[in-house]
Amino acid sequence: MARNAKSSRAQNPRPVVFNASGIGKTYTMGEVQVHALSGVDIELREGEFIVLLGASGSGKSTLLNILGGLDTPTAGRVIFRGRDISAMSEKELTFFRRDHIGFVFQFYNLMPSLTAEENISLVTELARDAMTAQEAMHLVGLEGRLHHFPAQLSGGEQQRVAIARAIAKKPDVLLCDEPTGALDFKTGRLVLEAISEVNRRLGTTTVVITHNAAIAGMADRVIEMRDGRIVSDRKNKKRQSIAELSW
């Protein structure tokens, strides 16, 4: 019976969320063409936690922006749950981002004149099935900071509010571009804990971009990029806890 159950799980992996094939992105600067991505194939599955590694200029952010509908490829196709987002109009991409994608960036982009609760409400007012600001702040361990303004919060707390804002609309996918890049080690670990908790409790497919290889241990999969291409894609046998990470 156990062998049959294991075989069944192997034959029925997690559903595919993103399937991108032959992705290329070329920027033209005067007479110079810059090839940011060249022939990238990538598949992301439901509930995965993926760390995307690579040096500055390797194409990580460009790939993330294309998956999230912030940019469009010059070659290839990006399929999200059976829909070709690379062929969508600007209006369709706006709805795609609103309904399915949460973004977390290196800089928090919070409105300074609004409280944490009000910053989150900017997103939840537009969402169809959002959690409350209180629920989102509880997930990132900041329920006591709901009525604080950004200037009253530390950098790590502001980043966790940004995570709460991103996940409050219950996105299918959370895309994080260097979320700890502006933070010290202790604060960065708190932010990574918040992201990992969201992935664990909500089952949100999560991609974290970083140049810090030490973070790779917390992922299900580690994808490494170099010169606009994927050079390795491996699975971790066991995800490390945040407490086990050091850099």
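The values are calculated or read from the model by the stated rules, or taken from the named source; none is laboratory data. None of these values were measured; they are calculated from a predicted model. Cβ atoms come from the backbone with ideal geometry, glycine included; neighbour counts cover every protein chain shown.
Side notes on the structure shown:
- Some residue of the stretch 56-77 being among the hydrophobic types (A, V, I, L, M, F, W, C), within 18 Å of Arg226 (Cβ to Cβ), assigned to a strand (DSSP E or B) and at pLDDT 95 or above: no
- Residue check for Ala214: small (Gly, Ala, Ser) and at pLDDT 90 or above: no
- Enumeration of residues in the stretch 112-132 that are part of a loop (DSSP other than H, G, I, E, B) and either among the aliphatic types (A, V, I, L, M) or in contact (Cβ under 8 Å) with a residue 60 or more places away in the chain (or both): Leu114, Leu126, Ala127, Ala130, Met131
- Selection of the stretch 212-247 for residues being outside any helix (DSSP H, G or I), in contact with a Ser or Thr (Cβ under 7 Å, 6 or more places away or on another chain) and more than 20 Å from Gly68 (Cα to Cα) yields Arg226, Asp227.
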